[in-house]
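Q: Mind looking over this structure? Questions follow.
The values are calculated or read from the model by the stated rules, or taken from the named source; none is laboratory data. It should be emphasised that the depicted structure is a prediction, and the values quoted were computed from it without experimental measurement. Here Cβ is always computed from backbone atoms with ideal geometry, including for glycine, and neighbour counts include all displayed protein chains. Accessible surface is based on the protein model in full, side chains and every heavy atom, while ligands, DNA and RNA are left aside. Shrake-Rupley method; radii C 1.70, N 1.55, O 1.52, S 1.80 Å.
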Amino acid sequence: MHEVALTVNGTNMRIEVEPRMTLADALRDRCDLTGTHLACEHGVCGSCTISVDGRAVRSCLMFAVQADGADVMTIEGLANGEELHPVQKAFQAEHGLQCGFCTPGFVMSVTKFLETTPDPTDDQIRDGISGNLCRCTGYQGIVRAVKRAAAELNGQS
Amino acid sequence: MKPAPFEYSAPTTVAEAIEALSHDDAKVLAGGQSLIPLMAMRLSRFDRLVDLRRIPELSGCTRVNGTVRIGAMTRQADAEHDPIVAEGAPLLAKALPNVGHYQIRNQGTVGGSIVHADPSAELPTAALALDATIEIAGASGVRRVPASEFFLGTMETAVGDHEIVTAIEFPVWGPGSGFAVEEMARRHGDFAVVGAMCGVRIEGGTVAQSAIAMFGVGSVPVRCGAAESMLTGSTVDGLDLGAVAQAAVADLDPPDDLHASGAYRRAVGAALVERALRAAIEEAGHA
Amino acid sequence: MSNRIISPVGARFVGQSVQRKEDRRLVTGHGQYVDDIKVPGALHAAFLRSDVARGRITKLDVSAAREAPGVHGVYTWQDFHEQFGEAYHVMMGEALVVPPPLAIMDVRHVGDPIALVVADDRYLAEDALELIELELEVDQAVVDYRTAADDSDNVVHAGWGLPSNVMVAMPFMPLAPDLDEAFASAAHVVETLVDQNRYNCVPMEGRGIVATWNQGRGEMDIIASTQSVHETRNFFARYLDIPEGNIRVTARDVGGGFGQKMFVFREECAIVLAARAVRGTVKWIEDRRENLIASGHSRNESGTVRVAVADDLTITAMSVDHVADVGAYPPCPAVLDPTLLTGPYRIPRMGFSMSMVWTNTMGKVAYRGPWMFETTAREIAIDATARAIGVDPVELRRKNLLSFDELPYTSAAQREMVEITPLETLDQALEMLDYEGFRREQEAARAEGRLLGVGVSVYVEPTSMDAPSLHTEGATVRVEASGKVVAYLGTTSHGQSIETTMAQIVADTLGVAYDDVIVVQADTQSTPYGPGTGGSRTAVLAGGAAQRATESLREKVVAIAAHMLEASGDDLEIADSTISVKGTPSKSVTLFEVAKLAYRQAHTLPADVDSSLEATVRFRPTRFPTWSNATHICVVEIDRVTWRPTILRYIVSEDCGRMINPMVVEGQIFGGVAQGIGGVLYENFVYDNEGTPLTTTFMDYLLPTAAEMPHIEIGHLETVSTTNPGGFKGLGEGGAIGSHACVTNAVSDALAPFGIVVTKTPLGPNDIFELVRAAGHA
Ligand SMILES: Cc1cc2nc3c(=O)[nH]c(=O)nc-3n(C[C@H](O)[C@H](O)[C@H](O)COP(=O)(O)OP(=O)(O)OC[C@H]3O[C@@H](n4cnc5c(N)ncnc54)[C@H](O)[C@@H]3O)c2cc1C
Ligand code: FES
Ligand code: FES
């Protein structure tokens, strides 16, 4: 067992893990943050996307021991209290989700994508979210949501 | 889909890492983007993983002796956005965005991709095309292996079990160069089914230097020497790029797999070589 | 055509794209999917599965696994033998038995579960799996369903003493006395072999179950990722031979299903038995590899379609000879519905033969429009026929499609078509595309050597289908003590926005705010029975139930209010949770005041006024099915270097009657179309000749990403249905029904300059390259 100290959504945590436990499993089982979903566990679907030290990564492709000292943000940490993040609001407004299983991964990916591409074209949006799979929406509502979120974020800054 | 157990260490120097690797069944963990899926599916298992992430000297891009030197642990996303890479190794900069998705590149490393040596991967091909040198450290010191001798087979390289790759050096091409990457992947971000990378340097209307490398056509990325020799020394205006492209695939016998037949890879590979050459020459002309 | 919408007075929410009630919890990571359920002390399960397609078990030794760290139990068939009772679903009938939870003596497909480990966590369970000693004697597998029927040497179910691989064979049945003559005398008869590849539901959340056996109470508590909590409960009541009331099945959030989660699988049976054996909680969360290999497969049907056409382009007859692969153990062997072969067309004569064969592959499950091969076969054949006789496929369709004005129309298979708009949706879709303009553009593009094609497909969708066990839905609607409303439904949502759409109906019908209505579903201890969410049945059936129950509740509210206001019930109206006398708004009571009286001062009510603020209704539509319909059009360009097809435009003109929530309607269409596009251009589940699956990860089974999906344009027609009070029709499956043929036809049209007619899928770049090469053009 290794002890791992990390910050999750602004809270300092210490967890005990076997080296083989993925960060996704640690967040879900040790930190009780089940918003990070697992839909493939081999890096393709993006459902498990979280932010580690400010970057979007697959939490199924990282061991929890590697996150020692890291600053982690999960879907649960995105809203500001009751006030949803613009990306969350946009997914709601544009029907960017149906079953919602892929949604936390998309929201985390899109949030980071818009940090580097604040004013994306449609093609850039589709490329930018192509690392996340959704089986319900055909992506149309998600593309609209990204556009709406970009507009709102640009309006804010 | 959960990995088998292993011991874990995260050394902070290369020497410690090499020491840790001397244990029998130890394996380097870099970005984990290829290794962890294999372990999750229990297609691979190791007694110990040696995580190189905490060795600062293994990361970063610098310009050294006419090369762009990239630390093995440099994340693909960092290399992609590094002006030193864009300026000194434009082919690499063009190849990088084709590697998976940005979330993968945020973790995956340049060295990891090269050591993983997937025959459909971009970075090994870029290393081969650019005649990169791979720097390998082991218990007996550091050795330097040219890319042409590095890739031995599917996911098989010149790196020994107890060695680590510390850096890759990509020679900088002179003025008048142009580069292009063309690949066919089933979906955005997938490994290529087949692809081509080309570089040309043009001096006074004549091709002074050329490189053609293909991926997805065999067990390792390949350099197309015969096709290159049709280019180098020829005047640009007189080139029959279709013929060059045909020469590039003439000796290839690409495999059939789930996503494409060997015949497809040959035919489309040739067309991609031609597309890439045209784009590289075009770019060189404007350089 | 005219739009026949009957908006009830005061409709404020129905017809609006109101924001979904589901979303807030889901966008913040507070959904509760089955893997998010934490039960203290729960054990975790993993299955040992066969990696050969057909073989006899010669050794199975689990003793080392039993001793492994953290292991609480390892089960094989021996342990479950005689531990369970009847294993069937009402909808499937008693004859279709769910196979034994674990393999008995032989394995019949890769993924066949052989043993089950229950351990402290999934990591340890997988460790223990590696310690099980298994030896198999491998037999030749039956893999190709097209030849399986004739293979008497290798019989999938030889172990059951069956003589052949044929599950069902219906000989050719002409549905017109003069069918043969019609074919014999037709100006043109075109025969087309249509072949649809194997592709699957692949919900983003796989299957999963948390089962808890309470020995003292004799109760089983099940939380499952399912499309039907009630059927799951009833199934296990029979299976465990305990009263239904002692089983509770719930689902909170379900991450997609598409048909896959309609029925109980073998694995779920094994987990429930294991929970009873350990007298505690066992949790099984299917991983992606299991989901791809062993969660049911779909499509994979082929048929030879014959079309007889007169000189004036009238289609005089159509027939299909069909064969479907149902795999080894089909959880739901749903295939082509031959009675829909003529679909929305005026085709007077029809005939068909059908067969379903077993193979050593994963069994068939329902997938969004499980019968849809009728559309695939017909629509691809119509394009091929048009090509063969040298007319535009749109012209051929237009000549033979039904229009609203000529309904009702009874088809050769005696299906009565009413309230549909096939020709009208075709016209709308053609106009959205500017079909003539496109054909000109195409001609110019072809002159430049570009490969541009257009495909059309037109279909009817039998929503709320006519299966006797699916004829009703229940709803209980209650005004609570606070004056807020709860609607208890028999549905089990897995992405359909049911909490939202049903709340819209209840809010309008009662006259309360949308925000004041909460929908409770997927809990067998509190909701009325419902056979499950599938078959595009929710809008019609649950919608009808919700509306009728709310109407009944409204009467109770009005009766109490009438007493309070000393007015006649007929003079009252309800709006914004206030009951007032028509024309005298000052004379009013709020719903809260009514509730207060009903809950706290019922003694003040006259004896003949019911104090209950709750109503339950089982709703049955007036007719089955409720038809909806649509036309799809797709424009595709094929790259001449990589042979990659790219969809440039995708258009849907649909008629799902009165829309409860247009945003949700469109979302359902987008998702369905994406699945059809995926199935044709990207997804293909492949077995090798030994029956070993080759597409067992998301690296190889290619779900389309946003970069591959086109923008989809939708046009609406709203022909109200009279089967239900709201005028609704279902539409959940249509997108997936129409898109397969549409995309295939577009690729075929793009390749027309090479003389290629495409009738088989998949159509990845390599497949297209091979077609072009065979035609001598690559
Ligand atoms: C969904 C997905 C899509 C992808 N798409 C692509 C793609 O299109 N193209 C592409 O090229 N790649 C793709 N990849 C792979 C990705 O680029 C990986 O990052 C890369 O192959 C491995 O790099 P890594 O740093 O993650 O190495 P790891 O996974 O950590 O290691 C890979 C192997 O290299 C060894 N190794 C790593 N670094 C060293 C070192 N310094 N010295 C010695 N041995 C070392 C490891 O021991 C291991 O055997 C994809 C991955 C995923 C999950
Ligand atoms: S679960 Fe991590 S990428 Fe799919
Ligand atoms: S909303 Fe269901 S998978 Fe995306």
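Q: So for the pair C:V168, C:R446, with labels modelled 7 Å out along Cα→Cβ, what separation do we get in nm?
A: In this crude label model, C:V168 to C:R446 measures out at 4.1 nm.
Q: Determine the sum of side-chain charges near C:F236: Lys and Arg each +1, Asp and Glu each -1, restricted to other residues whose C-beta is under 14 angstrom from that of C:F236.
A: Working: positive: C:R233, C:R238, C:R248, C:R266, C:R276; negative: C:E86, C:E219, C:D221, C:E231, C:D241, C:E244, C:E267, C:E268.
Computed value for this residue: -3.
Q: OK, next. Based on the alpha carbon coordinates of chain C, what radius of gyration and maximum Cα-Cα distance (Dmax) apply, in Å?
A: So, for chain C, Rg and Dmax equal 27.7, 90 Å respectively.
Q: Sum up the lysine pairs in chain C that clear both bars: alpha-carbon distance under 19 Å and a spacing of 8 or more or different chains.
A: Value for chain C: 10.
Q: What percentage of the solvent-accessible surface of region C:158-286, computed with a 1.4 Å probe over protein heavy atoms, is contributed by carbon and sulfur atoms? Write down the numbers at each step before the final one.
A: Values: 2230 of 4420 Å².
Roughly 51 percent, rounded to a whole number.
Q: Sorted from largest down, give the three principal axis spans of the alpha carbons of region A:2-77, whole angstrom values.
A: Here the spans come out as 28, 24, 20 Å, largest first.
Q: Among C:V743, C:A549, B:G88, which residue has its Cα furthest toward the positive end of the charge dipole of the protein assembly as shown, with +1 on Lys/Arg Cβ and -1 on Asp/Glu Cβ?
A: Positive-most Cα among the choices belongs to C:A549.
Q: To continue, here is another question. Which ³J(HN,Hα) values in Hz, rounded to whole numbers, follow from the phi angles of region C:506-518 under the Karplus curve 6.51 cos²θ - 1.76 cosθ + 1.60, where θ = phi - 60° and Gly and Pro get x?
A: 5, 4, 5, 5, 8, x, 10, 6, 3, 5, 8, 10, 10
Q: Related question: How large is the dipole of region A:2-77 about the Cα centre if only Lys and Arg carry +1 and Asp and Glu carry -1, each at its Cβ, rounded to the nearest 20 debye?
A: Numbers: 6 positive and 11 negative charges, 40 e Å.
In total the dipole reaches around 200 debye.
Q: Name the residue farthest towards the positive end of the dipole of chain A from the options A:Y139, A:L153, A:G43, assuming +1 on Cβ of Lys and Arg, -1 on Cβ of Asp and Glu, about the Cα centre.
A: Going by the Cα projections, it comes out as A:Y139.
Q: If you average 1/r over all unlike Cα pairs in region A:86-153 and invert the result, what Kirkwood radius do you get in angstrom? Spell out each step's value before the answer.
A: Values: mean 1/r = 0.0882 Å⁻¹.
The Cα-based Kirkwood calculation yields 11.3 Å.
Q: Also: Percent of accessible area on region B:201-287 owned by carbon and sulfur, 1.4 Å probe? Can you show the working numbers first?
A: Values: 1730 of 3600 Å².
Carbon plus sulfur share of accessible area: 48 percent.
Q: Using a simple spin-label model with points 7 Å from Cα along the Cα→Cβ vector, what separation in nm is obtained for B:D240 and C:E566?
A: About 10.8 nm, to one decimal.
Q: Got a sec? Charge dipole of the protein assembly as shown, +1 on Cβ for Lys and Arg, -1 for Asp and Glu; which of A:F63, B:V220, C:F619 is way out at the positive end?
A: C:F619
Q: Can I ask one more? Could you tell me, in Å, what Rg and Dmax come out for the Cα atoms of region C:659-778?
A: Cα-based Rg and Dmax for region C:659-778 come out at 18.1, 59 Å.
Q: Taking amide H atoms as placed 1.01 Å from N in the peptide plane, list the residues 5 or more away in sequence, or in a different chain, whose amide H sits under 5 Å from that of B:V28.
A: The list, which skips near neighbours in sequence, is B:V50.
Q: How large is log10 of I(q)/I(0) for region B:24-124 at q = 0.22 Å⁻¹ when the intensity is taken from the Debye formula with one equal scatterer per alpha-carbon?
A: -1.17
Q: With label points built 7 Å along Cα→Cβ from the Cα atoms of C:R600 and B:H23, find their separation and express it in nm.
A: It is 6.9 nm.
Q: What accessible area per residue comes out for region A:2-77, rounded to a whole number of Å², with a 1.4 Å probe?
A: Details: 2070 Å² over 76 residues.
Value returned for region A:2-77: 27 Å² of accessible area per residue.
Q: I've got another one for you. Accessible area of B:R53, 1.4 Å probe, to the nearest 10 Å²?
A: 70 Å²
Q: Can I ask one more? For region C:87-206, evaluate the Debye formula with one uniform point scatterer on each Cα (no solvent term) and list log10 I(q)/I(0) at q = 0.13, 0.17, 0.22 Å⁻¹, rounded to two decimals.
A: -0.90, -1.25, -1.39
Q: Pairs of alpha-carbon atoms within less than 8 angstrom and 6+ residues apart define the contacts here; what relative contact order does chain C have, in percent? Walk me through the intermediate numbers first.
A: Details: 1921 pairs, mean separation 124.9, N = 778.
Normalised by residue count, the contact order of chain C is 16 percent.
Q: Could I ask something else about it? HN-Hα J couplings of region C:739-748 from phi, Karplus 6.51/-1.76/1.60, θ = phi - 60°, integer Hz, Gly and Pro as x?
A: 6, 4, 5, 4, 5, 4, 5, 5, 5, 4
Q: For A:F63, what residues show an amide H to amide H distance below 5 Å, using hydrogens built from the backbone and excluding near sequence neighbours?
A: Amide H neighbours of A:F63: A:L23.
Q: I would also like to ask the following. For a quick check: with amide H placed at 1.01 Å from N, whose amide H comes under 5 Å from B:V68's, ignoring anything fewer than 5 positions away on the same chain?
A: It is B:F170, B:V172, by chain and number.
Q: I've got another one for you. In terms of the Cα gyration tensor, with a ≥ b ≥ c the square roots of its eigenvalues, is region B:132-216 rounded because a/c is under 1.5, prolate because a/b exceeds b/c, or oblate? Intermediate values should be presented prior to the final figure.
A: On the way: a/c = 2.94, a/b = 1.35, b/c = 2.18.
Oblate shape, in that a/c is at least 1.5 and b/c is the bigger or equal ratio.
Q: At 222 nm, what helix-only mean residue ellipticity would the protein assembly as shown give, in deg cm²/dmol to the nearest 500, using -39500 (n - 2.57) for each DSSP H run of four or more? The partial results should precede the final answer.
A: Numbers: 35 runs with 346 residues, N = 1222.
That calculation yields -8500 deg cm²/dmol at 222 nm.
Q: Okay, next question. Which value, in Å³ per residue, describes the convex hull spanned by the Cα atoms of chain B?
A: On the way: hull volume 34.8 nm³, N = 287.
So the per-residue hull volume is 121 Å³.
Q: Follow-up question, since we're still on this one. Report the Cα-based extents of region B:171-286 along its three principal axes, largest first, to the nearest Å.
A: 45, 27, 23
Q: What is the dipole size for region A:86-153, taken about its Cα centre, with +1 at each Lys and Arg Cβ and -1 at each Asp and Glu Cβ, in debye to the nearest 20?
A: Details: 7 positive and 7 negative charges, 49 e Å.
Dipole size: approximately 240 debye.
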